[in-house]
Amino acid sequence: MTSMNYPTRQASESRVDSVGWGLFFVMSGAMLLVPGLPDGSWLTGVGVLLLGLSVARAALGLPVSAFGAILAGVLVATGIGAIVGIAVPWFSILLVGCGVALVIGETIRRNHAA
């Protein structure tokens, strides 16, 4: 078996990131071409894209960024809120989510180290 059949972790991460950026540009450009999309459509799209990338990373055994997953959830919630006409306090939610992720992450690290 050659190394081309089993890409390195770094190569896998690079591919996932490249595909993610490509999808981001395609989605953004396509949304600009569609007139009359409701407010929040782009935020929802970016959030779904980030969630999909987190799932892909997890499925490939690559590290998943807690911040990226939290940001994705906040973007989806904010985008859907804007589509249905509800103001979502995205910044407050993002701050709380990041704080919770830091505390949980440190707790997990300490438990594994003990």
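Points to keep in mind about this one:
- Candidates Arg109, Arg57 - the one that is under 24 Å from Gln10 (Cα atoms), among the charged types (D, E, K, R) and at pLDDT 90 or above: Arg57
- Note on segment 78-91: residues that are at pLDDT 90 or above, loosely packed, with under 11 Cβ neighbours inside 10 Å and assigned to a helix (DSSP H, G or I) total 1.
- Test: Val103 is in a helix (DSSP H, G or I) and free of Cβ contacts under 8 Å to residues at least 12 places away in the same chain: yes
- Total residues in segment 38-48 satisfying the condition of being surrounded by 14 or more Cβ atoms within 10 Å (Cβ to Cβ) and more than 19 Å from Cys98 (Cα to Cα): the figure is 5.
- Residue among Val26, Val19 that alone is within 15 Å of the chain's Cα centre (by Cα) and either part of a loop (DSSP other than H, G, I, E, B) or aliphatic (A, V, I, L, M) (or both): Val19
- Restricting Leu71, Leu51, Leu33, Leu94 to residues that are crowded, with 17+ Cβ neighbours inside 10 Å, aliphatic (A, V, I, L, M) and at pLDDT 90 or above narrows the list to Leu51.
- Subset of segment 6-27 that is touching a helix residue (DSSP H, G or I) at 6+ places or on another chain (Cβ under 7 Å) and not β-branched (Val, Ile, Thr) - its residue that is surrounded by the most Cβ atoms within 10 Å (Cβ to Cβ): Gly20
- Flag if Val74 is in contact with a Gly (Cβ under 9 Å, 6 or more places away or on another chain) and part of a helix (DSSP H, G or I): yes
- Exclusive hit being among the charged types (D, E, K, R), assigned to a helix (DSSP H, G or I) and surrounded by 14 or more Cβ atoms within 10 Å (Cβ to Cβ), set Arg110, Arg57: Arg57
The values are calculated or read from the model by the stated rules, or taken from the named source; none is laboratory data. Source: prediction; values computed, not measured. So basically every Cβ, Gly included, is an ideal-geometry build from the backbone, and we count neighbours across all protein chains shown.
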